[in-house]
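Trainee: Here's a structure for you.
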Amino acid sequence: MQHPPTRAEGLARLERFVPRAGADYARTRNEDRGPHDRGNVSTLSPYIRHRLVTEHEALEAVLARHTPEAAEKFVQEVLWRTYWKGWLEQRPGIWTRYQVRLAADLDGLAGDISLRRRYEEAIEGRVGIEGFDDWARELVETGYLHNHARMWFSSIWIFTLRLPWTLGADFFLRHLLDGDPASNTLSWRWTAGLQTPGKTYLARADNIARYTNGRFSPRDLSRSAEPLIEPAPPPPAGVPPADPSRSGEAALLLTEEDLTPEQWALGGLRPRAVLAGHAAARRSALPVSRLVLDFSDGALADAGARAASRYGVPAHAVALEPQTLLDAARALRVGALVTGYAPVGPAAEALARAKAALADAGIALVQLRRSLDERAWPHATRGFFGFKKRIPELLAAEGLG
């Protein structure tokens, strides 16, 4: 496996990357050198997405070696994911809008033979566009794409192939090891001109040739990128309040959203067991990549073993289903299930369904939100430029830099 799903592997990658996280990263980060040479980027995204390595840890390690000015580009890349999550957390209706549109577009595949053929050619890398076909196959085979390749791919999908953007976003979410609803959905919306209304991203052959070091020079790409149109996003509704602290006996519930439970601030809660389950299979109505499912399974097993060792309690795999979690809580005789905060997406939806069933039985579901999210998300109200101005104070508040 190219990305072993363990915290130890994530920390090792971070340690190897730190010396290159300053000027070297800023100078070369946009180069997609291919799947056999990722020396110019960190490849930390699957680990940070699952919080096998936290954003705080990545920033702390890099800023211990480089000044905030030298590491500016890497710091911004880490915090883009934080920004996207905060933006969507305050506008959950955009995720719902995507799901409704995706369902309609998936239905459209069944009724349009030509669209189905063009879609299958795209996801199988058979459209005949140099680079695009290679990235489609690379994604399916490895679960990873360079960030620049993701931008080129989404632009070609929307503006050259004229395929529904939701189907492309779904293809990514089903196959990316680091796929999360906020970063993936909002990035595709940005390419399409929906996220920043009227502003699109156009893939150009000369740009692709330059930043792939001549590996690809596609022909016949669209020379225009007319923005897609839909109703404007709603105004931000604010970040939902954090759950109040509790005390007493509890079970730790691990999901793919936060897999360093040994760092959770439990306060007066006393763990009796560790329960581990993920919602990765619910990323899509279509089958999710085996690579994604295996990474999620392995990451949860790794986190479960660490938590069990840390607290001296047993760990059990569970399904994120209301009755399953209720039965587990009753068997353990605990008054609460404690989990890392799940932002908008499949895990949050699964926990919301379970919360009502647990509450009816007098069992609390407590979500613990990280301090960085608590501080940063309220500032994700508009574009990234305004959020970026807050980065120095966010780093200072986290004791970084």
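Trainee: Using the Cα atoms as the points, what is the convex hull volume per residue of the stretch 242-401 in Å³? Intermediate values should be presented prior to the final figure.
Mentor: Details: hull volume 22.9 nm³, N = 160.
It is 143 Å³ per residue.
Trainee: Based on the Cβ-Cβ distance from K388 to A352, what FRET efficiency comes out when R0 is 35 Å, to the nearest 0.05?
Mentor: Between K388 and A352 the formula returns 0.65.
Trainee: Taking the highest mean first, how do the peptides 249-260, 188-199, 123-134 order by number of other beta carbon atoms within 10 angstrom per residue?
Mentor: In descending order of packing, they fall as 249-260, 188-199, 123-134.
Trainee: Based on the mean of other Cβ atoms within 10 Å per residue, sort peptides 160-168, 37-45 so the most packed one is first.
Mentor: Per-residue Cβ counts within 10 Å, averaged per peptide and sorted highest first, yield 160-168, 37-45.
Trainee: Which percent of Cα-Cα pairs in the stretch 1-151 sits in each 5 Å bin, short to long?
Mentor: Per 5 Å bin, starting at 0, the Cα pair percentages come out as 2, 8, 14, 16, 17, 15, 13, 9, 5, 2, 1, 0.
Trainee: Same structure, new question: At what distance in nm do the modelled label points of S217 and R16 sit from each other, each positioned 7 Å from its Cα along Cα→Cβ?
Mentor: The two pseudo-label positions are separated by 3.3 nm.
Trainee: Still on this structure, I have one more. From the residues P322, V274, L286, which one has its Cα farthest along the dipole of the stretch 269-329 in the positive direction, the dipole being from +1 and -1 charges on Cβ of Lys/Arg and Asp/Glu about the Cα centre?
Mentor: About the Cα centre, the residue reaching furthest to the positive side is V274.
Trainee: Tell me the Kirkwood hydrodynamic radius of the stretch 31-76 in angstroms, computed as one over the mean inverse distance between distinct C-alpha pairs.
Mentor: Values: mean 1/r = 0.0853 Å⁻¹.
Answer for the stretch 31-76: a Kirkwood hydrodynamic radius of 11.7 Å.
Trainee: Please compute P(r) over all alpha-carbon pairs of the stretch 93-156, binned at 10 Å starting from zero, and give each bin as a whole-number percent.
Mentor: Over the stretch 93-156, the share of Cα pairs per 10 Å bin runs 20, 39, 38, 3 percent.
Trainee: If you roll a 1.4 Å probe over the chain with all protein chains in place, what percent of the accessible area is carbon or sulfur? Spell out each step's value before the answer.
Mentor: On the way: 8700 of 16830 Å².
The computed percentage sits at 52.
Trainee: Which listed residue (I158, T82, A331) has the Cα farthest towards the positive end of the charge dipole for the chain, taking +1 on Lys and Arg C-beta and -1 on Asp and Glu C-beta about the Cα centre?
Mentor: Ranked along the dipole, the leading option is T82.
Trainee: If you project the alpha carbons of the stretch 279-360 onto the principal axes, what extent comes out on each, in Å, largest first?
Mentor: Extents along the principal axes: 37, 31, 20 Å.
Trainee: Another one. Using the Cα atoms as the points, what is the convex hull volume per residue of the stretch 204-271 in Å³?
Mentor: Details: hull volume 15.2 nm³, N = 68.
That works out to 224 Å³ per residue.
Trainee: Can you give me the three principal axis dimensions of the stretch 125-219 from its C-alpha atoms, in Å, biggest first?
Mentor: Cα spread of the stretch 125-219 along its principal axes, largest to smallest: 32, 31, 21 Å.
Trainee: I need two numbers for the chain: Rg to one decimal and Dmax as a whole number, Cα atoms only, in Å.
Mentor: Gyration radius and largest Cα-Cα distance of the chain: 21.2, 64 Å.
Trainee: Rg and Dmax of the stretch 285-332, Cα atoms, in Å?
Mentor: For the stretch 285-332, the Cα radius of gyration and maximum Cα-Cα distance read 13.3, 39 Å.
Trainee: Pull out the extension gain between Q76 and A319, defined as 0.36 nm times the separation in residues minus the alpha carbon to alpha carbon distance; nm, one decimal. Could you put the intermediate results ahead of the total?
Mentor: On the way: separation 243, 0.36 × 243 = 87.48 nm, distance 3.52 nm.
Extra length available between Q76 and A319 comes to 84.0 nm.
Trainee: While we're looking at this one, here's another question. Taking 0.36 nm per intervening residue step and subtracting the Cα-Cα distance, what contour gain separates A301 from V140 on full extension? Provide the component values of the computation, followed by the final result.
Mentor: Details: separation 161, 0.36 × 161 = 57.96 nm, distance 2.36 nm.
Here the segment from A301 to V140 would lengthen by 55.6 nm.
Trainee: Compute the length gained on full extension between S245 and A281: take 0.36 nm times their separation in residues and subtract their Cα-Cα distance, giving the result in nm to one decimal. Walk me through the intermediate numbers first.
Mentor: Numbers: separation 36, 0.36 × 36 = 12.96 nm, distance 3.08 nm.
Using 0.36 nm per residue and subtracting the Cα-Cα distance, I get 9.9 nm.
Trainee: What ranking, highest mean first, results for peptides 81-93, 137-149 when packing means the other Cβ atoms within 10 Å averaged over each residue? Please list the in-between numbers first.
Mentor: On the way: 81-93: 21.5, 137-149: 19.1.
In descending order of packing, they fall as 81-93, 137-149.
Trainee: To the nearest 0.05, how large is the calculated FRET efficiency for Q2 and R330 if R₀ is 35 Å and r is the Cβ-Cβ distance?
Mentor: On the way: r = 41 Å, r/R0 = 1.17.
So the FRET efficiency works out to roughly 0.30.
Trainee: Could I ask something else about it? As an exercise, use a Förster radius of 45 Å and the Cβ-Cβ distance of T196 and D294 to find the FRET efficiency, rounded to the nearest 0.05.
Mentor: Working: r = 36 Å, r/R0 = 0.79.
Working from the Cβ atoms, E equals 0.80.
Trainee: To continue, here is another question. Count the lysine pairs in the chain that are 8 or more places apart or on different chains: how many have C-alpha atoms under 29 angstrom apart?
Mentor: Count of close lysine pairs: 10.
The values are calculated or read from the model by the stated rules, or taken from the named source; none is laboratory data. It should be emphasised that the depicted structure is a prediction, and the values quoted were computed from it without experimental measurement. Cβ: placed from backbone, ideal geometry, glycine included. Neighbour counts: every protein chain shown. These accessible areas exclude ligands, DNA and RNA; they are computed on the full protein's heavy atoms, side chains included. Shrake-Rupley method; radii C 1.70, N 1.55, O 1.52, S 1.80 Å.
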